[in-house]
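Report on one structure; see the data block that follows.
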Amino acid sequence: MGTEELELFRDTVKRFLADNVEPHYEKWEKAGIFPKDLYLQMGEAGLLCVDQPEEYGGIGAPFEFSCVIVEEVARMGFLALASNLTVHSDIAAPYILHLGSEAQKQKYLPKMASGECIGAIGMTEPGAGSDLQGMKTSATPDGDDYLINGSKTFITNGQHAGVVVLATKTDPKAGARGTTLFTVDTTLPGFKRGRNLDKIGLHSADTSELFFDNLRISKDEVLGRLGGGFGHLIDELPRERLVLAVSAVAHAQGALEKTIEYVTTRKAFGTPIASFQNTRFELAKIKTDIEIHRAYMEKCTAMYANGTMDVTTAAMIKLATTEMEGRVTDACLQLFGGYGYMTEYPISRYWADARIQRIYGGTSEIMKEVIARSLVGR
Ligand SMILES: Cc1cc2nc3c(=O)[nH]c(=O)nc-3n(C[C@H](O)[C@H](O)[C@H](O)COP(=O)(O)OP(=O)(O)OC[C@H]3O[C@@H](n4cnc5c(N)ncnc54)[C@H](O)[C@@H]3O)c2cc1C
């Protein structure tokens with residue numbers, strides 16, 4: 001598939017968002033969650049898990065098609081939706097595709113592509129975020145099953161999830177080697193959803209606590225290797241970080257577009273604010289910042305597509321683009337003056353939503369640690 005197909009696909013995505021998301025987004029932000037049915041609509045429109053093979057319900061499209069969806073959702077300022085969608089299509093589904101048994105793939109992937117089953121990834125716990133080795137959720141062998149006990153927090157898609165890719169400790173004494181992933185069907189007894197948490201941005205994103213109370217699960221739901229969970233997390237994190245970078249560049253681009261509209265119409269001292277040298281220079285700096293990061297992001301996307309993306313490069317692109325997104329959305333808001341601080345102006349949402357991008361998927365500080373480790377070791 002070439003550039004022309006990609007751009008046609010982009011038009012389809014834009015039309016879908018204009019028809020099915022834009023008219024309702026404000027309402028969903030106020031409600032603190034978007035409806036589960038949106039996933040069914042997106043599945044119907046062929047916008048979920050697009051790079052998954054056709055045998056599992058995808059359309060076998062190149063990775064760039066998945067990126068185009070994230071780009072348009074983020075550019076239009078729907079970052080809450082972008083974050084939930086990427087967890088579903090670009091994180092949870094690829095874990096199952098890359099690590100799952102045939103039975104796991106058949107059980108979950110077609111329904112994830114249709115939007116009937118929503119995916120989440122459960123790593124973070126109240127006592128273990130950056131330091132994932134500190135996680136306490138346990139999976140204890142019991143005959144042919146495991147019993148899972150513990151809790152997770154900040155889990156994207158937690159309220160809607162039909163399957164959680166869950167990180168557990170199967171051997172608490174074995175350190176990183178005691179970590180095992182499971183595919184947890186959320187209809188199993190012992191699974192409980194906690195609160196959908198209040199956030200300063202991404203209001204319509206579903207971000208929840210999850211609880212596991214003696215949840216009995218078959219050993220067939222182990223995802224990947226028993227005790228291999230940490231290695232699997234490390235293998236899959238580059239895609240998560242790259243997709244966050246894709247959303248960061250597009251989100252910054254959307255903020256710039258909104259700002260250009262504003263500064264060319266708003267007047268001060270009898271002239272559009274776009275005529276002040278400061279405004280012009282700020283816009284020039286913002287545009288340059290975005291384009292430099294876009295070039296690196298495109299290089300990284302190509303690396304991922306040809307299988308050469310490594311952990312350090314993924315950390316660099318995530319660090320660079322999300323820090324840029326923070327700078328850009330802040331500079332854009334400043335050009336709106338007081339109106340930028342009003343929630344009725346979308347730039348305020350760009351600014352508030354951008355803040356989390358430097359934290360989830362690994363904080364900027366952890367990205368620096370990963371990069372430094374490649375230079376001078378531990
Ligand atoms: C909206 C949202 C959605 C999320 N979605 C998910 C999800 O779907 N699944 C999931 O598992 N998690 C999710 N998370 C969790 C997210 O990945 C964590 O919040 C993040 O990794 C940071 O962990 P923490 O919050 O425990 O912070 P901490 O680890 O407590 O960090 C606190 C501060 O200390 C710094 N720090 C920690 N260690 C070091 C170090 N070695 N060197 C220097 N500084 C350090 C951090 O950078 C940070 O500034 C989500 C979080 C949010 C807010």
Conditions first: (1) surrounded by fewer than 17 Cβ atoms within 10 Å (Cβ to Cβ); (2) closer than 21 Å to residue 359 by Cα. Residue 103 passes all but one, so which condition is the exception?
(2)
Answer residue from segment 7-41, given it is more than 22 Å from residue 353 (Cβ to Cβ) and aliphatic (A, V, I, L, M) and is surrounded by the most Cβ atoms within 10 Å (Cβ to Cβ) among those
40
What's the total number of residues in segment 275-285 that are under 34 Å from the mean Cα position of the chain (by Cα) and either closer than 9 Å to residue 335 by Cβ or not hydrophobic (A, V, I, L, M, F, W, C) (or both)?
5
Strands (runs of 3 or more DSSP E) fully within segment 80-157 counting 1 or more residues that are more than 12 Å from the ligand (Cβ to nearest atom) and in contact with a Ser or Thr (Cβ under 8 Å, 6 or more places away or on another chain)
138-142, 145-156
Of (1) touching a residue at least 12 places away in the same chain (Cβ under 8 Å); (2) of a type in the set (A, V, I, L, M, F, W, C); (3) surrounded by fewer than 21 Cβ atoms within 10 Å (Cβ to Cβ), residue 246 satisfies all except one. Which?
(3)
Please state which one of 288, 308 is outside any helix (DSSP H, G or I), of a type in the set (Val, Ile, Thr) and either within 16 Å of the ligand (Cβ to nearest atom) or surrounded by fewer than 14 Cβ atoms within 10 Å (Cβ to Cβ) (or both).
308
Is there a residue being polar (S, T, N, Q) and free of Cβ contacts under 8 Å to residues at least 60 places away in the same chain anywhere in segment 280-296?
yes
Looking only at segment 322-348, count every residue that is part of a helix (DSSP H, G or I) and under 12 Å from residue 259 (Cα atoms) and tell me the total.
14
Exclusive hit being in contact (Cβ under 8 Å) with a residue 24 or more places away in the chain, assigned by TED's automatic domain parsing to the domain that holds residue 360 and not polar (S, T, N, Q), set 302, 315
315
What number of residues within segment 175-218 are among the hydroxyl-bearing types (Ser, Thr, Tyr), assigned to a loop (DSSP other than H, G, I, E, B) and under 30 Å from residue 352 (Cβ atoms)?
2
In the set 72, 44, which member is at pLDDT 95 or above, among the acidic types (Asp, Glu) and exposed (fewer than 15 other Cβ atoms within 10 Å of the Cβ)?
44
Does at least one position in segment 360-377 carry a residue that is away from the ligand (no atom under 16 Å from the Cβ) and crowded, with 23+ Cβ neighbours inside 10 Å?
no
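The values are calculated or read from the model by the stated rules, or taken from the named source; none is laboratory data. Every value quoted in this text rests on a predicted model; they were computed, and no experiment measured them. Neighbour counts run over all protein chains shown; Cβ positions are idealised from the backbone, glycine included.
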